[in-house]
Amino acid sequence: MDKIKLTKGELKRQRDALLQYLRYLPTLQLKKQQLQMEILHQLSLLGERVQNENVRCLSCEAWAGLLRADKNINISSWLKPKKVLVGLKNIAGVDLPVFEGVEFEAVDYDLFIYPLWVDSAIELLRKIVSLRQEIETIKKGIEILRQELRITAQRVNLFEKVKIPEAEEAIRLIKIYLGDQMANAVGRSKIAKRKISEATIYDAIAS
């Protein structure tokens, strides 16, 4: 704690600061709770999407075999995202990226060269690509939330363990000092009155 001034002005300043800390702390605590809940939600969502991706990858093994077997079939250019659509939502004052979809180039190939199963293969593989983009977006969001949670938790700890106790201790010390000063002033006043009274009596006797 920095050295404090033992004055009435400092007492008011410390009381005002304490009220401000006590008023702001619940807001920080609520934000911390909201961030923790959102992180749990996003982790659950991430787990679902990863599981979904794994299931789809297993189901595309047959297509992968066919694609490898026919060297004339190349669909990689139709699997590259043309645009990844990401929006934002606000969680406890934090802008969180939200996956909205993926745009791909239109499929255009010679129907006499490519077999019928290519359409199904492209559709399935595009869903996997889309899922992977969504997973990456969720991971980025979780990292943003965790960073904000660290900052918020530090502020909560600062208020709870440093600022509020320091203000309370400063108020206690200033009140003790001012109380002592008041008591000393009253004592001096009584002594002065007694001396005046004694002097008056002495003067009266002497006259």
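Summary table
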quantity	calculated
Test: residue in the range 105-118 that is at pLDDT 95 or above, out of contact with any Phe, Trp or Tyr (no Cβ under 6 Å at 6 or more places or on another chain) and of a type in the set (Ser, Thr, Tyr)	no
Check on Lys8, within 30 Å of Ile171 (Cα to Cα) and at pLDDT below 95	yes
Residue that is farthest from the chain's Cα centre (by Cα), among those in the range 86-107 that are assigned to a strand (DSSP E or B) and over 26 Å from Gln33 (Cα atoms)	Phe104
Residues located in the range 132-167, provided they are closer than 16 Å to Pro97 by Cβ, acidic (Asp, Glu) and either in contact with a His (Cβ under 8 Å, 6 or more places away or on another chain) or surrounded by fewer than 17 Cβ atoms within 10 Å (Cβ to Cβ) (or both)	Glu136, Glu143
Qualifying positions in the range 1-46 - β-branched (Val, Ile, Thr) and under 29 Å from Ile176 (Cβ atoms)	Ile4, Thr7
Which numbered condition Ile39 fails, given (1) more than 19 Å from the chain's Cα centre (by Cα); (2) modelled with pLDDT of 75 or more	(1)
From the options Tyr177, Tyr202, residue that is hydroxyl-bearing (Ser, Thr, Tyr), at pLDDT below 95 and more than 30 Å from Asp16 (Cβ to Cβ)	Tyr202
Positions within the range 80-95 being among the β-branched types (Val, Ile, Thr) and more than 17 Å from Ile135 (Cβ to Cβ), in sequence order	Ile91, Val94
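The values are calculated or read from the model by the stated rules, or taken from the named source; none is laboratory data. Remember, predicted model here, so these are calculated numbers, not experimental data. With ideal geometry, Cβ positions are generated from the backbone for all residues, glycine too; neighbour counts draw on all protein chains shown.
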